[in-house]
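Below is one structure, written out as structure tokens, with a few remarks after it.
The values are calculated or read from the model by the stated rules, or taken from the named source; none is laboratory data. Worth saying up front: this structure is predicted, and the values here are computed from it rather than measured. Counting neighbours? That spans all protein chains shown, and the Cβs are built from the backbone with ideal geometry, glycine included.
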Amino acid sequence: MGAPPHHRPLTPFVTPLIAVVVEWHERAGDPLDDAARDTACRVLASLEQRDRRVIAEISATERRLSAGSFGVCEMCVRPIPFERLRALPTARLCVVCEAMAERVAHR
């Protein structure tokens with residue numbers, strides 16, 4: 001049996017991109033190849049960072065399910081509406097608390 005779907009790599013096209021980056025590395029020196037390689041490396045790093053964040057959110061959701069706190073806002077401790085959980089199953093905050101948290105974060 002394979003890994004659960006959320007533990008599998010979210011970017012299956014990364015392996016071919018890595019092969020291209022390795023090939024570019026072997027031909028280092030051409031400015032256009034260097035720029036393309038640098039761009040590909042930044043894209044790969046960004047995809048990896050996003051994948052790690054998504055997997056961490058899913059793992060945290062699994063812990064909340066196990067603890068019985070899934071669907072409860074972490075700030076106001078009120079139930080998160082079903083519609084929000086259906087749209088964003090990893091939601092930790094209700095819409096009101098999420099908006100407050102975003103306002104504070106953008107100050």
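Taking the criterion of being surrounded by 14 or more Cβ atoms within 10 Å (Cβ to Cβ) and either at pLDDT below 90 or touching a helix residue (DSSP H, G or I) at 6+ places or on another chain (Cβ under 8 Å) (or both), the residues of segment 44-71 that qualify are 44, 47, 48, 55, 58, 70, 71.
In the set 51, 38, only one residue is without any contact (Cβ under 8 Å) to a residue 60 or more places away in the chain, part of a helix (DSSP H, G or I) and in contact with a Leu (Cβ under 9 Å, 6 or more places away or on another chain); that residue is 51.
On the basis of being of a type in the set (A, V, I, L, M) and modelled with pLDDT of 95 or more, does residue 91 make the cut? Yes, satisfied. Somewhere in segment 55-72, is a residue in a helix (DSSP H, G or I), in contact (Cβ under 8 Å) with a residue 40 or more places away in the chain and within 13 Å of the chain's Cα centre (by Cα)? Within segment 55-72, one or more residues are in a helix (DSSP H, G or I), in contact (Cβ under 8 Å) with a residue 40 or more places away in the chain and within 13 Å of the chain's Cα centre (by Cα).
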